[in-house]
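One structure below.
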Amino acid sequence: MLMALTASAQENLQRGATASEVKKSFKTVKEIPITSVKNQYRSGTCWDFATLGYFESEILRKTGKTYDLCEMFVVNKDYMDCATHYVRMHGFSQISEGGSCDDVLEVMRQHGICPEDAMPAPGSLTGDSLANFKVFFPELEQVVRSIVRKDAKEPLPHWQDSVQTVIEKYVGRCPESFVYEGKTYTPKSFAESLGLDFDDYVSLTSYTHHPFNKWFIIEAPYKWRLKPSYNIPIEQLMDVLDKALDAGYTVAWGGDVSGDFTRTGLAMLPDSVQPSQQMRQEQWDDWRFTYDHVMLIYGKATDEQGKPYYIVKNSWGKYGEYKGIWYMSRDYIALNTTYLFLNRHALPESLRKVVNSIF
């Protein structure tokens with residue numbers, strides 16, 4: 001079974017989700033062009049695959065060009081950044097395969113990016129056909145945790161070298177330069193050539209344990225970069241999602257897939273469940289609701305009864321009834337969304353002015 005962001009989500013899918021495994025047909029209402037479905041395989045890197053897929057769709061929207069950006073470049077840089085944060089926090093931080101959209105944004109901003117074929121394929125290093133972190137990440141975690149010794153007054157000397165050695169052993173070394181379509185780039189210059197403004201992207205959320213219309217850092221283990229999200233009521237958040245899609249913008253989605261999320265490509269709530277702001281908060285506070293997966297929302301559809309759904313690209317290869325695509329009901333999204341990551345220009349004008357003035 002292909003991995004979601006955490007082992008708990010993976011085990012849930014292996015057992016089978018609680019929603020009915022039913023056949024449904026859908027009528028597409030809105031569909032925005034995206035790049036192909038990818039496969040994170042045996043790695044907890046949905047955040048990486050989904051967010052790079054999001055940026056690929058952004059480039060496609062802005063320039064008409066199709067790119068295949070390199071997920072393992074992001075893994076290489078992000079895991080070193082995560083280890084650095086762990087050491088600076090004296091070990092009081094998270095070391096895991098998981099992450100968030102902010103990780104990919106900051107890697108591209110600080111380190112750049114390269115196309116897929118500019119780095120060795122993960123399988124050429126591990127002997128598996130795709131990214132397999134079953135050996136890699138336990139080894140990396142052991143090395144990173146050993147850096148901050150009990151009662152030590154300083155970290156182990158030259159610890160960065162040992163961490164980077166493990167990373168490169170399994171996911172490859174990031175190129176210092178490469179040739180793409182006849183032109184030589186560095187990762188930084190390649191990122192600059194993509195037509196993206198990395199200051200354009202914001203995260204929105206909806207919880208009541210912080211005031212609305214304020215920024216706060218979502219208290220989730222995989223959001224170790226401590227980047228804030230803007231907090232608004234859930235009805236407004238859903239309105240933002242609808243208006244962004246209607247305007248031709250895709251949206252990266254971070255949320256929970258541990259409940260009514262089927263293996264076949266459907267995510268929907270029982271008819272008896274009516275999501276509310278209070279229900280969202282209760283499920284977040286008592287851990288029934290987690291942040292365990294990231295995907296790309298790129299369209300809208302309706303089922304046979306006319307109920308609204310979102311069309312979502314997953315990162316488990318062409319798996320399930322819809323070949324790697326999931327149909328997620330509007331109610332499911334309203335209840336299970338941790339955050340939306342999107343272009344600030346996709347926001348309604350009134351909200352965009354507020355976000356721009358204080359971001």
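The values are calculated or read from the model by the stated rules, or taken from the named source; none is laboratory data. Quantities reported herein were computed from a predicted structural model and do not represent experimental measurements. So basically every Cβ, Gly included, is an ideal-geometry build from the backbone, and we count neighbours across all protein chains shown. For the accessible areas, the whole protein counts, side chains as well, though only heavy atoms, and no ligand, DNA or RNA atoms are used. Shrake-Rupley method; radii C 1.70, N 1.55, O 1.52, S 1.80 Å.
A compact table of results
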quantity	calculated
Top-ranked residue of the range 149-175 - restricted to ones that are part of a helix (DSSP H, G or I) and of a type in the set (Asp, Glu), ranked as least open to solvent (accessible area, probe 1.4 Å)	Glu168
Some residue of the range 180-199 being open to solvent by less than 50 Å² (accessible area, probe 1.4 Å), farther than 30 Å from Asn343 by Cα, in contact with a His (Cβ under 9 Å, 6 or more places away or on another chain) and of a type outside the set (Phe, Trp, Tyr)	no
Residue that is least open to solvent (accessible area, probe 1.4 Å), among those in the range 248-292 that are more than 22 Å from the chain's Cα centre (by Cα) and among the small types (Gly, Ala, Ser)	Ser276
Near pairs, Cβ below 8 angstrom, 6+ apart or cross-chain, from the range 286-310 (over 11 Å from Ser329 (Cβ atoms)) to any residue that is open to solvent by less than 10 Å² (accessible area, probe 1.4 Å) and acidic (Asp, Glu)	Phe289/Asp256; Thr290/Asp256; Tyr291/Asp256; Asp292/Asp256; His293/Asp256
Some residue of the range 134-141 being surrounded by 12 or more Cβ atoms within 10 Å (Cβ to Cβ) and over 23 Å from the mean Cα position of the chain (by Cα)	yes
Every residue from the range 69-103 that is open to solvent by 30 Å² or more (accessible area, probe 1.4 Å) and in contact with a strand residue (DSSP E or B) (Cβ under 6 Å, 6 or more places away or on another chain)	none
Check on Thr63, surrounded by 23 or more Cβ atoms within 10 Å (Cβ to Cβ), of a type in the set (Val, Ile, Thr) and either out of contact with any strand residue (DSSP E or B) (no Cβ under 9 Å at 6 or more places or on another chain) or modelled with pLDDT of 95 or more (or both)	no
Residue list for the range 76-121, restricted to those being among the small types (Gly, Ala, Ser) and within 18 Å of the chain's Cα centre (by Cα)	Ser96, Gly98, Gly99, Ser100, Gly112
The range 129-142 residues that are closer than 14 Å to Ser162 by Cβ, paired with ones that are crowded, with 17+ Cβ neighbours inside 10 Å (beta carbon under 6 Å, 6 or more apart)	Glu139/Val166; Leu140/Val166; Glu141/Ile95
Considering residues of the range 226-247 that are in contact with a strand residue (DSSP E or B) (Cβ under 8 Å, 6 or more places away or on another chain) and open to solvent by 30 Å² or more (accessible area, probe 1.4 Å) only, the residue farthest from Tyr339 (Cα to Cα)	Asp246
